[in-house]
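Below: the structure, in structure tokens.
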Amino acid sequence: MAPSDLAVELSTADGLSLEALAVFPEPACGSLVACHPHPVYGGTMTNKVVHSLYKAFRDSGFASLRFNFRGAGASEGVHGHGETEVLDVAAAWDELAARCAFLPESAPRVLGGFSFGSSVGLRYASEEERCTHRLGIGLPLALDLPDGRSYDFSWLSGDDKRPLYLLVGDNDEFCPQDRFERLVEKLRSEGVPVTAVVVPEANHFFDRKGHILRQEVERMAAAILGQSIPERSYPAVDV
């Protein structure tokens, strides 16, 4: 039986209280912080993609934490257009790190996110030295923001050689395949170890492809742990 979720209260550096859920398998082999999609469009920590990420890592033995960004669910504050949300990720990371102080230094410490959560989470990870592996699902490479800006992933560069795992659908309206492939090619040319997977006929939210999403995340968790990676019994393309 899977361990139960524990309600956790996070405190940000600018004084906000955020709601979170965490789970602690015994024994834990690593840790994961999972970041949810855009709160302005209804994204919360109960989003099905984030829940799949959280559960897959939980079932792989990772202590895992998901949380609501400021202004989402019961979390205090208002949406900060991806800027102040970095403080929310920091609060989540620090809380889980404190609760996982028992983990050996060699244990993987993963930061993952979906859509808006991949943008904010991976940006925070770029400055977080304790993070060992990075994971992004549904990168919003072509999503325009309400203020007219677009998401900027330029900070993903060869300066950071930590493993990066990416998962998208080939019908993702916010992640055109040509942009995704160019990003992967650029990072690999700069020496970044990138594992990139495309799920055929999957849209941004992996509607009707949830079983593939879950199994691909499980494969990524196995790879991070250095375990044997399960064979696929479904269509997916390694980029």
Check: In segment 51-75, which residue that is within 15 Å of residue 38 (Cα to Cα) and small (Gly, Ala, Ser) is surrounded by the most Cβ atoms within 10 Å (Cβ to Cβ)?
Finding: 72
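Residue by residue, here is whether (1) part of a loop (DSSP other than H, G, I, E, B); (2) in contact (Cβ under 8 Å) with a residue 12 or more places away in the chain; (3) in contact with a Lys or Arg (Cβ under 6 Å, 6 or more places away or on another chain) holds:
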{"site": "140", "(1), (2), (3)": "yes, yes, no"}
{"site": "153", "(1), (2), (3)": "yes, yes, no"}
{"site": "185", "(1), (2), (3)": "no, no, no"}
{"site": "202", "(1), (2), (3)": "yes, yes, yes"}
Check: Quick one: which of 179, 162 is in contact (Cβ under 8 Å) with a residue 24 or more places away in the chain, under 28 Å from residue 211 (Cα atoms) and assigned to a helix (DSSP H, G or I)?
Finding: 179
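Quick one: count up the residues across segment 66-88 that are assigned to a helix (DSSP H, G or I) and of a type in the set (A, V, I, L, M, F, W, C). Before you say what the answer is, go through the steps one by one.
Step one: list which residues in segment 66-88 are assigned to a helix (DSSP H, G or I), which gives 85-88.
Checking which are of a type in the set (A, V, I, L, M, F, W, C) leaves us with 86-87.
The total comes to 2.
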Note to self: Which numbered condition in (1) within 23 Å of residue 212 (Cα to Cα); (2) buried (at least 22 other Cβ atoms within 10 Å of the Cβ) is the only one that residue 44 fails?
What the structure shows: (2)
Check: Among the residues of segment 89-116 satisfying the criterion of being among the small types (Gly, Ala, Ser) and assigned to a helix (DSSP H, G or I), which is surrounded by the most Cβ atoms within 10 Å (Cβ to Cβ)?
Finding: 92
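Considering only strands (runs of 3 or more DSSP E) fully contained in segment 1-65, which possess at least 2 residues that are of a type outside the set (Lys, Arg) and more than 16 Å from residue 224 (Cβ to Cβ)? Before the answer, list the steps.
On the way: elements: 6-11, 17-23, 30-35.
In segment 1-65, the matching strands (runs of 3 or more DSSP E) lie at 6-11, 17-23.
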Checklist line | Among (1) farther than 19 Å from residue 11 by Cβ; (2) hydroxyl-bearing (Ser, Thr, Tyr); (3) touching a residue at least 40 places away in the same chain (Cβ under 8 Å), the one test that residue 84 misses | finding: (1)
Checklist line | Criterion violated by residue 119 - all others in (1) crowded, with 18+ Cβ neighbours inside 10 Å; (2) within 19 Å of residue 216 (Cα to Cα) satisfied | finding: (2)
Check: How many residues, within segment 56-90, are under 21 Å from residue 223 (Cα atoms) and among the polar types (S, T, N, Q)?
Finding: 2
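Residue by residue, here is whether (1) closer than 24 Å to residue 68 by Cα; (2) at pLDDT 95 or above; (3) crowded, with 18+ Cβ neighbours inside 10 Å holds:
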site	(1), (2), (3)
144	yes, no, no
154	no, no, no
160	no, no, yes
167	yes, yes, yes
190	no, yes, no
197	no, yes, yes
Check: Which of the residues that make up segment 25-58 are out of contact with any Lys or Arg (no Cβ under 7 Å at 6 or more places or on another chain) and aromatic (Phe, Trp, Tyr)?
Finding: 41, 57
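Being buried (at least 17 other Cβ atoms within 10 Å of the Cβ) and under 19 Å from residue 101 (Cα atoms) is the filter here; which residues of segment 1-24 pass it? Step through it out loud before you land on a result.
If we filter segment 1-24 for residues that are buried (at least 17 other Cβ atoms within 10 Å of the Cβ), which is where we start, we get 8, 10, 12, 16, 18-24.
Of everything in segment 1-24, those that are buried (at least 17 other Cβ atoms within 10 Å of the Cβ) and under 19 Å from residue 101 (Cα atoms) turn out to be 8, 10, 20, 21, 22, 23, 24.
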Next item on the list: Could you give me the residue pairs with C-beta distances under 7 Å whose first residue belongs to segment 215-237 and is in a loop (DSSP other than H, G, I, E, B), whose second residue is surrounded by 17 or more Cβ atoms within 10 Å (Cβ to Cβ) and of a type in the set (Ser, Thr, Tyr) wherever it lies, and which are 6+ apart or on separate chains?
Entry: 225/60
Notebook entry, point to check: Hey, does segment 83-96 have a residue that's on the phi > 0 side of the Ramachandran plot and either in contact with a Ser or Thr (Cβ under 9 Å, 6 or more places away or on another chain) or of a type in the set (Phe, Trp, Tyr) (or both)?
Noted result: no
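The values are calculated or read from the model by the stated rules, or taken from the named source; none is laboratory data. All of these numbers come straight from a predicted model, not from anything done at the bench. Cβ atoms come from the backbone with ideal geometry, glycine included; neighbour counts cover every protein chain shown.
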